[in-house]
Amino acid sequence: MNQPKLYVPEDFYETTSWKDAKTLQQTLDVAKARLLVVCCAFFLSLLLVSWRIIDVSLIKGIDDKHRDACSFHRTTFRGDIVDRNGELLATSLVTSSLYANAKVIIDPKEAAKKLITLLPELVYEETLQKLNSGKTFVWLARHLTPQKQGGILRLGIPGLYFRSDERRVYPHGELFAHVLGYTDIDNKGLGGVERKFDPFLLSDDNPLQLSLDVRVQHALRDELLAGVQTFHAQGGAGLIMDVRSGEILAMVSLPDFDPNRVAKIGSQKEALFNRITLGAYEMGSSFKIFNTALFLESKIASLSTTFDVTAPLQIGRFKITDYHPVNYPLTVAEIFTKSSNIGAAKMVMQVGKTRQKIFFKKLGFFVPSSLEIPEIGSPLVPRNWTEATTITASYGYGISISPLQLVTAIGGIVNNGMMNKPTLLKKEKSQYDQGIRVVSHETSEIMRKLLYMVVAEGTGKRARVKYYEVGGKTGTANLISGSSYKKGMNMTSFVGVFPMSRPQYIVLIMVDRPEGTKETFGFNAAGWNATPIAGKVIERIAPLLQVIPVTERGLEPEEGPQFIHAKGIRGEGH
C-alpha cells in the first residue's frame, strides 16, 4: 500500500529553512503540554469541589442545632457506683444509636416498613414521618444491641447511620431503685445518688462508693416484700443504719421500680416515691422513746415513779385512751414497755411544752433531714405548739417526720446519747465523728434496757431472735381519712436495735395499711406485722454483719444481756 505523501507548500523550502521548522515544532509541543496541565488542574479542582459538596450535604449534613442536640456524646463514661464491698451497683455500657438523614432516604415507606420488622418498638407512622421530614438528622432508635445494629446494616438502606452511645445499666434492677435513682436517655442523672453526684460521676474516673451493702439490702427487701404481700398492705419501707457512724446499710421503699426501665412506669408514679426520705408520717408509739428519754433527762422523777392510768384522760374535746387498758397504776418503765398513751401524756405534762420543743429541735424534727439524695421531704410541725400538741406528740400524733428522721434520732438515744448525721457514703473508722449529744450517757443506758424489755416482755415479743440481744419499740398510728382518723386504717412500724448491750445497728420496718389475717386473729397493730418482719430481717443480717451471738460471750439465750437485770429497771407499780 502506498503511503500518502506529506503535503508541503511549494514555497516552503523557499521561505522556511529546516532550522526554523524545528523551532516551530518545539513551540507547538510546549503549548500542548501547558494545555494538558491546565486541563488536569481544572479537572482536579472540579473533583475536589464535587467531593466537598457531597461531604457537606450527605455525610456531615447535620446542622448546628442537631449538633448541639447530640453534644452529650463524651469520650469518657459516666462513673461506676459500687457498694461498701466494691459490688457494682451502676455502670455504663457502649451502645449504638440509629439516626437518619431524611434527604438521602430514597423510599421512606419501604425503609419504615423494613425498620419496624427489626425494631418492633418503633411506631410505623412516627418513623415514616421522620423519614419524610426532609431533615438532615433525626433520631430513630437509641441504645441498640450489636445484633440489631448488624440487622439494620444488612438492610442496606442509604441514609441510615449510627453513633456510638452510652447506656446506664443497673445490674440489681429494683433492689436499689430509690437510693440510686436513674438517668434519662442522654445519661443525665434525674434522681437519687445519680442526680446528687451527677458532676462527680461525669468528671471523676474513680467509682463512687456508697455505704450500702448488697447482702443486707437483699435481706431487707426480701422480708419487707414478703410481709407486705402477707398482710395485703399498700406498701412498706425499711431502713438499716449503723448507729456508730450514721452509715446507711440498706434502704427500701415499696412499691419500687426498675431504673433500667423507668420509661415503662406509666401511671404508676407512686413507685417513684421514696417513703423513707420524702414521706412525713405520724409515728405513733415510737415517739414514746423520745418522751421517756426527755422525762428522764428532766430529772423530775425516777424510773419507778408511778402514774394513774386507769381512767381515760380528757383534753378539751379529745379523750386519750390506751390500746391495752389496765386497772392499776404504772411505773415509768411499765408505761414504756406496755405502751400507755395515758401514762406518756401525764409524764410530758410534768415536763412541759418548752422543754419538749427544745428537745425535739435538738433531735432535728423541725427541719428536713440531711442525706446525699435530692428527695428529702419536710416535717409537718404545728404552727402553734399548744398544750394539746405537747400531749399528743408524747405518743406520736400531731407532728409528722420522715422515717429517716425517726431512725437518726433513735440512733442518738441508744448510741450513748450521741447522734450522728445519716450518710450514704462509706466511712472509714478514722472518719467517724463524735456526733452531737442529745441525751446523757446515763439516760441512754436506761433507754437501752427499756427497749430490750419491750422485746423481751412487751409489745415487741415477735422481734426476738435467738442468740441475739434485740431491743425495740412498736408504733401504730391511725391514718386520716377525710377530716378524721379512721380506726383500723394504720401505719405500723417497729424500730429494732441490736446488740442492746453495745448498740451497733438499728432496723426500721414500716407497713402501710396492713390487714389482719387468720394468723394474727384479725389484728393489724404493729406487734402483729412490722415486728415479726423486723425479727426475720435481724435474724438474716446479724451473721452477715458479724455480730457475735450472746452464747459466744458466756450468756444463755434466755438470759438476755446481764445489764438488763440492774436494780430498779423492772420495778413494778402494783
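The values are calculated or read from the model by the stated rules, or taken from the named source; none is laboratory data. Everything numeric here is computed off the predicted structure, so don't read it as measured data. Neighbour counts run over all protein chains shown; Cβ positions are idealised from the backbone, glycine included.
Within region 307-349, how many residues turn out to be of a type in the set (Phe, Trp, Tyr) and either under 15 Å from Ser285 (Cβ atoms) or in a loop (DSSP other than H, G, I, E, B) (or both)?
First pass over region 307-349, keeping only residues of a type in the set (Phe, Trp, Tyr): 307, 318, 323, 328, 336.
From what is left, the residues that are either under 15 Å from Ser285 (Cβ atoms) or in a loop (DSSP other than H, G, I, E, B) (or both) are 323, 328, 336.
Residues meeting the conditions: 3.
Would you mind telling me which numbered condition in (1) of a type in the set (Lys, Arg); (2) surrounded by fewer than 22 Cβ atoms within 10 Å (Cβ to Cβ); (3) at pLDDT 95 or above Arg221 fails?
Here Arg221 meets the rest and fails (2).
Quick check: anything in region 431-447 at positive phi and of a type in the set (Gly, Ala, Ser)? Give the derivation first.
Taking region 431-447 as the starting set, the residues that turn out to be at positive phi are 435.
From what is left, the residues that are of a type in the set (Gly, Ala, Ser) are 435.
Yes: one or more hits.
Checking Thr310 against (1) surrounded by fewer than 20 Cβ atoms within 10 Å (Cβ to Cβ); (2) under 26 Å from Arg437 (Cα atoms); (3) out of contact with any helix residue (DSSP H, G or I) (no Cβ under 7 Å at 6 or more places or on another chain); (4) of a type in the set (S, T, N, Q): exactly one of these is not met. Which one?
Checking Thr310 against (1) surrounded by fewer than 20 Cβ atoms within 10 Å (Cβ to Cβ); (2) under 26 Å from Arg437 (Cα atoms); (3) out of contact with any helix residue (DSSP H, G or I) (no Cβ under 7 Å at 6 or more places or on another chain); (4) of a type in the set (S, T, N, Q), the one that fails is (2).
Where in region 174-234 are the helices (runs of 4 or more DSSP H), entirely inside, with at least 2 residues that are under 17 Å from the mean Cα position of the chain (by Cα) and in the same structural domain as Met510 (by TED's automatic domain parsing)?
Working: elements: 177-180, 192-196, 198-203, 214-230.
Answer list for region 174-234: 214-230.
Which ones in region 424-459 are in contact with a strand residue (DSSP E or B) (Cβ under 9 Å, 6 or more places away or on another chain), under 20 Å from Phe287 (Cβ atoms) and polar (S, T, N, Q)?
The answer is Ser444, Thr459.
Against the conditions (1) under 20 Å from Leu224 (Cα atoms); (2) out of contact with any Pro (no Cβ under 8 Å at 6 or more places or on another chain); (3) not hydrophobic (A, V, I, L, M, F, W, C), where does Ser493 fall short? Just the number, please.
Unmet condition: (2).
Given the residues Ala141, Ala177, which is the only one that is modelled with pLDDT of 90 or more and small (Gly, Ala, Ser)? Talk me through it step by step, then tell me what you get.
Numbers: Ala141 fails: modelled with pLDDT of 90 or more.
The conditions single out Ala177.
Output the residue which, of all residues in region 130-147 that are basic (Lys, Arg) and closer than 18 Å to Lys103 by Cα, is surrounded by the most Cβ atoms within 10 Å (Cβ to Cβ).
So the first thing to find is which residues in region 130-147 are basic (Lys, Arg), and the list is 130, 135, 142.
Filter again for closer than 18 Å to Lys103 by Cα, leaving 130, 135.
Working: Lys130: 19, Lys135: 17.
Among those residues, the one meeting the criterion is Lys130.
Between Thr443, Thr492, Thr531, which is part of a helix (DSSP H, G or I) and closer than 22 Å to Ser253 by Cα?
Numbers: Thr443 fails: closer than 22 Å to Ser253 by Cα; Thr492 fails: part of a helix (DSSP H, G or I).
Step by step, each of Thr443, Thr492, Thr531 is checked, and only Thr531 is part of a helix (DSSP H, G or I) and closer than 22 Å to Ser253 by Cα.
Could you check how many residues of region 489-504 are modelled with pLDDT under 95 and among the small types (Gly, Ala, Ser)?
1
Kindly list, by first and then second residue, each pair from a residue in region 464-476 that is under 20 Å from Ala293 (Cβ atoms) and without any contact (Cβ under 8 Å) to a residue 12 or more places away in the chain to a residue that is assigned to a loop (DSSP other than H, G, I, E, B) and among the small types (Gly, Ala, Ser), limited to pairs with Cβ atoms under 6 Å and residues at least 6 apart or on different chains.
Filtered contacts from region 464-476: no entries.
It is to be established whether one or more residues within region 148-168 are among the basic types (Lys, Arg), crowded, with 16+ Cβ neighbours inside 10 Å and under 30 Å from Gln209 (Cβ atoms).
Checked region 148-168: at least one residue is among the basic types (Lys, Arg), crowded, with 16+ Cβ neighbours inside 10 Å and under 30 Å from Gln209 (Cβ atoms).
From the list Gly284, Gly266, which residue is at pLDDT below 95 and in the same structural domain as Ala525 (by TED's automatic domain parsing)?
Values: Gly266 fails: in the same structural domain as Ala525 (by TED's automatic domain parsing).
After applying the criteria, what remains is Gly284.
What is the residue count in region 270-306 for residues that are farther than 16 Å from Phe494 by Cα and outside any loop (DSSP other than H, G, I, E, B)?
Here the count works out to 12.
Kindly check whether there is at least one residue in region 113-130 that is touching a residue at least 40 places away in the same chain (Cβ under 8 Å), within 10 Å of Gly159 (Cβ to Cβ) and either assigned by TED's automatic domain parsing to the domain that holds Val169 or within 39 Å of the chain's Cα centre (by Cα) (or both). Walk me through how you get there before you give the answer.
Here is the first cut: in region 113-130, the ones touching a residue at least 40 places away in the same chain (Cβ under 8 Å) are 114-115.
With the extra rule that they be within 10 Å of Gly159 (Cβ to Cβ), the set shrinks to none.
No; the residues of region 113-130 include none that is touching a residue at least 40 places away in the same chain (Cβ under 8 Å), within 10 Å of Gly159 (Cβ to Cβ) and either assigned by TED's automatic domain parsing to the domain that holds Val169 or within 39 Å of the chain's Cα centre (by Cα) (or both).
From the set of residues in region 430-440 that are at pLDDT 95 or above and outside any strand (DSSP E or B), which is nearest to Leu294 (Cα to Cα)?
Among those that are at pLDDT 95 or above and outside any strand (DSSP E or B), it is Val439.
Sort through Arg355, Arg383 and tell me the only one that's in the same structural domain as Thr306 (by TED's automatic domain parsing), among the charged types (D, E, K, R) and touching a helix residue (DSSP H, G or I) at 6+ places or on another chain (Cβ under 7 Å). Outline the logic, then answer.
Numbers: Arg383 fails: touching a helix residue (DSSP H, G or I) at 6+ places or on another chain (Cβ under 7 Å).
Exactly one residue qualifies, and that residue is Arg355.
May I ask you to list the residues in region 321-336 that are in contact (Cβ under 8 Å) with a residue 24 or more places away in the chain, buried (at least 20 other Cβ atoms within 10 Å of the Cβ) and under 39 Å from the mean Cα position of the chain (by Cα)?
Step one: filter region 321-336 for residues in contact (Cβ under 8 Å) with a residue 24 or more places away in the chain, giving 323, 328-336.
Checking the rest, the ones that are also buried (at least 20 other Cβ atoms within 10 Å of the Cβ) come to 330-336.
Answer for region 321-336, where residues must be in contact (Cβ under 8 Å) with a residue 24 or more places away in the chain, buried (at least 20 other Cβ atoms within 10 Å of the Cβ) and under 39 Å from the mean Cα position of the chain (by Cα): Ala333, Ile335, Phe336.
Does Ser501 qualify as being assigned by TED's automatic domain parsing to the domain that holds Gly398 and under 27 Å from Met418 (Cα atoms)?
Yes.
Let's see how each residue does on (1) of a type outside the set (Phe, Trp, Tyr); (2) out of contact with any helix residue (DSSP H, G or I) (no Cβ under 7 Å at 6 or more places or on another chain):
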{"position": "Met491", "(1), (2)": "yes, yes"}
{"position": "Pro499", "(1), (2)": "yes, yes"}
{"position": "Leu508", "(1), (2)": "yes, no"}
{"position": "Lys518", "(1), (2)": "yes, yes"}
{"position": "Phe521", "(1), (2)": "no, yes"}
{"position": "Asn524", "(1), (2)": "yes, yes"}
{"position": "Asn529", "(1), (2)": "yes, no"}
{"position": "Ala534", "(1), (2)": "yes, no"}
{"position": "Arg540", "(1), (2)": "yes, no"}
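Test Ile358 against the stated conditions and say whether it is out of contact with any Ser or Thr (no Cβ under 7 Å at 6 or more places or on another chain), part of a helix (DSSP H, G or I) and surrounded by fewer than 17 Cβ atoms within 10 Å (Cβ to Cβ). Can you show your working first?
On the way: out of contact with any Ser or Thr (no Cβ under 7 Å at 6 or more places or on another chain): yes; part of a helix (DSSP H, G or I): yes; surrounded by fewer than 17 Cβ atoms within 10 Å (Cβ to Cβ): yes.
Yes.
Is it the case, given these coordinates, that Ile480 is in contact with a strand residue (DSSP E or B) (Cβ under 9 Å, 6 or more places away or on another chain), touching a residue at least 60 places away in the same chain (Cβ under 8 Å) and part of a strand (DSSP E or B)?
Values: in contact with a strand residue (DSSP E or B) (Cβ under 9 Å, 6 or more places away or on another chain): yes; touching a residue at least 60 places away in the same chain (Cβ under 8 Å): no; part of a strand (DSSP E or B): yes.
Here the answer is no, as Ile480 does not meet what is asked.
Filter region 495-517 down to the residues that are in contact (Cβ under 8 Å) with a residue 40 or more places away in the chain, charged (D, E, K, R) and outside any strand (DSSP E or B), then identify the one that is nearest to Ile240 (Cα to Cα).
Only one residue fits best here, namely Arg513.
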